[in-house]
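Here the structure is laid out as structure tokens; the discussion comes afterwards.
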Amino acid sequence: MLCPDCGTENFAGADNCSDCNSDLHAVESSSLDPLEKRLHNDHVIGAVKPNPLVVSPLDSIESVVLQMSENGHNCAMVAFDGVLVGIFTERDVLRKLTADYDNLKSAPVRDFMTPAPEALEADTPLTFALNKMSVGGFRHVPVVNVEQQPLGVVNVKDLLAHITANVPDLFEA
């Protein structure tokens, strides 16, 4: 999608121009091909898996890691009073805890989570979600409602699985 102010090419679904930061909401999506329209009109909430792991900032590392392991989660969203305040991932375990896990396992997860993670709202277009993950280097991105309450987490694999299942035109010869 071309920015009407500076002519920079932006990905479909961008809120602002990557070059001049102009508002792109008014740019018509009529110039998009049918596949691009579908990816722009599908929302990230469709790719969110049910039953996300949501923990308290005061939960111990050991209890969170155990819940992640038992339930097959790659991460836990950390919420206080129902509002997302952090994310704790398997990468946090490997990078921050492996060397001294036995001495740190009783510490609260708030000490090792990524605080105030970037999140996506449920109605975020798939194109925007993929771009945010690519540009930010995020493996897991929380999905929240307008009150910042956690709804789930998406990763690239979830988004691609959703696209594969819901945009069959992509794979037609």
Taking region 120-131, which residues are in contact with a Gly (Cβ under 9 Å, 6 or more places away or on another chain) and part of a strand (DSSP E or B)?
PRO125
If you scan region 50-90, which residues turn out to be without any contact (Cβ under 8 Å) to a residue 24 or more places away in the chain, on the phi > 0 side of the Ramachandran plot and not polar (S, T, N, Q)?
GLY72, ASP81
Subset of region 146-162 (residues that are surrounded by 14 or more Cβ atoms within 10 Å (Cβ to Cβ) and either outside the structural domain of PRO117 (by TED's automatic domain parsing) or not in a helix (DSSP H, G or I) (or both))
GLN148, GLN149, PRO150, LEU151, GLY152, VAL153, VAL154, ASN155
Hits in region 9-24 - residues which are more than 17 Å from the chain's Cα centre (by Cα), at negative phi and at pLDDT 70 or above
GLU9, ASN10, PHE11, ASN16, CYS17, SER18, ASP19, CYS20, SER22, ASP23, LEU24
Identify, from the list HIS162, HIS140, the residue that is touching a residue at least 40 places away in the same chain (Cβ under 8 Å), of a type outside the set (S, T, N, Q), closer than 24 Å to PHE11 by Cβ and in contact with a Ser or Thr (Cβ under 8 Å, 6 or more places away or on another chain).
HIS140
Over region 80-119, the set of residues of a type in the set (Ser, Thr, Tyr) and outside any loop (DSSP other than H, G, I, E, B) is THR89, THR98, TYR101, THR114
When you check PRO142 against the structure, is it within 30 Å of GLU36 (Cα to Cα), buried (at least 20 other Cβ atoms within 10 Å of the Cβ) and modelled with pLDDT of 90 or more, yes or no?
yes
Filter result for the condition that a residue is in contact with a Lys or Arg (Cβ under 8 Å, 6 or more places away or on another chain) and at pLDDT 95 or above, over VAL65, VAL83
VAL65
In the set ASP100, ASP123, the lone residue that is under 15 Å from the mean Cα position of the chain (by Cα) and among the charged types (D, E, K, R) is ASP123
Surrounded by 15 or more Cβ atoms within 10 Å (Cβ to Cβ) and more than 15 Å from GLY86 (Cβ to Cβ): is that true of GLU70 in this structure?
no
Selection status of THR98, farther than 18 Å from ILE45 by Cβ, in the same structural domain as PRO50 (by TED's automatic domain parsing) and among the β-branched types (Val, Ile, Thr)
yes
What about PHE112, is it closer than 24 Å to ASN145 by Cα, free of Cβ contacts under 8 Å to residues at least 60 places away in the same chain, aromatic (Phe, Trp, Tyr) and surrounded by 16 or more Cβ atoms within 10 Å (Cβ to Cβ)?
no
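The values are calculated or read from the model by the stated rules, or taken from the named source; none is laboratory data. Note that the coordinates shown come from a computational prediction; the quantities given were computed from them, not determined experimentally. We place every Cβ from the backbone using ideal geometry, glycine too, and count neighbours over all the protein chains shown.
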